[in-house]
Amino acid sequence: MQTQATTASEQQVLTADILLPMTADNPVIQQGAVLVQGQKIIATGTREEIMAMAPEAVWHDYGRAVLMPGLINTHSHSGFLRGTAEDLPVWEWLRLYIDPMHRVLTAEDAEIASWLCYAESLLSGTTTSVDMWRHMAGSARAAETLGNRVVMVPYVGEAEGYDYFDTLDDNEALIQQWHGKADGRINVWVGLEHMYYATPQACRRAVALCTRYNTGLHTHSNEAEAEIGEAMKRFGCSPIRALERLGLLEPARVLLAHCVWLDEDEIALLAEKNIGVAHNPSSNMKLASGSAPIEQLIAAGVAVGIGTDGEKENNNLDMLEEIKIASLLAKLRCMDAAAYGAWNVLRSATIEGARAIGMDDQIGSLQPGKQADIIAVRADTPRMTPFLTEGPFMNVHHNLVHGALGGDVCMTMVAGRIVMQNQQLLNGDLPRYMNEAEHACRALLERRAAWLAEHEEGALSPL
Ligand SMILES: [Zn+2]
């Protein structure tokens with residue numbers, strides 16, 4: 001049992017047949033329990049141990065279920081264009097669908113998208129999302145109310161032809177207004193859509209903002225093979241070396257999405273600089289970008305998290321589905337059925353995802369002193385049966401990775417507060433968010449069509 005001294009009286013206990021704290025060596029605790037006080041975890045152990053410590057606490061018993069750390073979605077985008085931007089490779093998709101959407105997106109649209117996406121995330125067990133999006137004061141309001149934890153990263157474009165994105169001024173104002181708010185659940189980082197969307201001068205300012213506000217930097221890199229040749233043309237080196245030259249690997253915390261096309265020198269550099277990677281298997285397959293070298297990254301010591309990417313490149317934000325896809329894609333890439341084993345996949349979705357965003361001292365595992373970000377996943381379902389909790393065929397981790405889906409999550413707690421129970425949001429109005437997104441989507445598609453009618457070539461191609 002692990003404990004931390006406590007004095008206050010208001011305590012709650014979560015208990016279930018299995019507890020996966022996701023600490024070192026991946027322990028599986030039978031009849032496990034977690035003692036929570038305020039925002040934090042006070043102790044983890046068996047029911048008997050916790051009962052002896054806190055007989056007066058309020059108990060929540062999830063029975064035949066798995067208690068584990070909340071899932072960490074290390075790369076996503078709020079949005080409501082699901083199913084409307086299909087069948088194109090990534091740079092064409094940006095030019096014809098996505099960047100024209102950014103040209104006509106309003107702050108009101110952006111806020112509606114975040115309410116919808118944060119609701120979807122909580123319903124499927126995601127407690128922390130790294131969200132790269134626009135006009136994010138509205139996203140902050142959504143997170144403040146719904147109760148999720150978020151790393152907000154504006155889509156910044158600071159180069160000729162990209163003046164319709166958020167700016168570094170917007171990013172700085174968002175940091176000043178929202179970083180550390182909602183009891184610390186809201187974090188604001190500096191975001192660049194891509195190094196090709198920013199001048200070298202803007203890159204220097206982005207890094208300076210990270211230093212000034214002691215925050216992280218997030219961008220997309222090495223997603224499509226075409227980026228490699230473009231970096232050679234522009235910088236005479238690989239994209240990761242180009243990021244280094246631009247100073248973009250200097251901030252204390254840097255997270256790169258995708259990292260599909262990497263050479264050995266780039267993998268070594270990511271490890272040396274302690275750069276986090278957000279792996280996006282569905283998106284990388286759907287946009288025909290490729291398969292990332294996850295096994296080599298992990299072997300090199302790089303912190304690899306998993307991200308769904310946005311609703312338009314996935315098309316859902318279900319991390320339990322995403323971890324299955326991550327496992328399958330790695331096995332296929334390596335032609336090795338043992339590649340990216342279930343424990344490593346679960347670690348990517350929890351503690352390694354936390355390490356990738358530099359928050360592993362606060363979240364990602366269930367340990368005394370950490371934030372109480374905890375989910376319960378039902379095991380009384382056909383797709384979790386048989387549920388063999390010990391012995392040579394113990395299948396809890398395999399069933400979670402390859403069997404469970406987001407709808408099986410029956411409780412989501414963030415910072416000690418239960419915010420979803422039995423697939424119901426406790427602080428939100430899901431029908432309203434869906435209705436608003438329906439209307440906003442139709443109006444946005446009309447505005448985008450009008451813009452495209454005048455600009456047949458689409459937005460500026462980065463390549
Ligand atoms: Zn993305």
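Which condition from (1) within 15 Å of the ligand (Cβ to nearest atom); (2) modelled with pLDDT of 95 or more; (3) over 18 Å from the mean Cα position of the chain (by Cα) is the one that Leu287 breaks? All conditions are met except number (2).
Listed by first and then second residue, the pairs linking a residue in the stretch 74-88 that is of a type in the set (Phe, Trp, Tyr) to a residue that is assigned to a strand (DSSP E or B) and within 15 Å of the ligand (Cβ to nearest atom), with Cβ atoms under 9 Å apart and 6 or more places separating them unless they lie on different chains, form an empty list. Checking each residue in the stretch 214-224 for being touching an Asp or Glu at 6+ places or on another chain (Cβ under 8 Å) and not β-branched (Val, Ile, Thr) picks out His220, Ser221, Asn222. Has the stretch 267-287 got at least one residue that is in contact with a Phe, Trp or Tyr (Cβ under 9 Å, 6 or more places away or on another chain) and in a helix (DSSP H, G or I)? So far as the stretch 267-287 goes, no, none of its residues is in contact with a Phe, Trp or Tyr (Cβ under 9 Å, 6 or more places away or on another chain) and in a helix (DSSP H, G or I). Would you confirm, using the coordinates I've provided, whether Ala242 is within 16 Å of the ligand (Cβ to nearest atom), touching a residue at least 12 places away in the same chain (Cβ under 8 Å), at negative phi and not in a loop (DSSP other than H, G, I, E, B)? No, not satisfied. The number of residues in the stretch 209-228 that are over 22 Å from the mean Cα position of the chain (by Cα) and within 15 Å of the ligand (Cβ to nearest atom) comes to 1.
Of the strands (runs of 3 or more DSSP E) that lie entirely inside the stretch 6-110, those containing 1 or more residues that are among the β-branched types (Val, Ile, Thr) and surrounded by fewer than 24 Cβ atoms within 10 Å (Cβ to Cβ) span 12-19, 29-37, 40-46, 58-61.
One residue stands out among those in the stretch 111-140 that are within 16 Å of the ligand (Cβ to nearest atom), in a helix (DSSP H, G or I) and within 13 Å of the chain's Cα centre (by Cα): the one that is farthest from Ala278 (Cα to Cα), which is Cys117. Taking the criterion of being within 16 Å of the ligand (Cβ to nearest atom) and of a type outside the set (S, T, N, Q), the residues of the stretch 305-324 that qualify are Gly305, Ile306, Gly307, Asp309, Gly310, Glu311, Lys312, Glu313, Leu317, Met319, Glu322. Taken over the stretch 204-226, the criterion of being part of a helix (DSSP H, G or I) and either among the basic types (Lys, Arg) or at pLDDT 95 or above (or both) is satisfied by Arg204, Arg205, Ala206, Val207, Ala208, Leu209, Cys210, Thr211, Arg212, Tyr213.
The values are calculated or read from the model by the stated rules, or taken from the named source; none is laboratory data. The model shown is predicted, which means the values in this text are computed figures rather than measured ones. With ideal geometry, Cβ positions are generated from the backbone for all residues, glycine too; neighbour counts draw on all protein chains shown.
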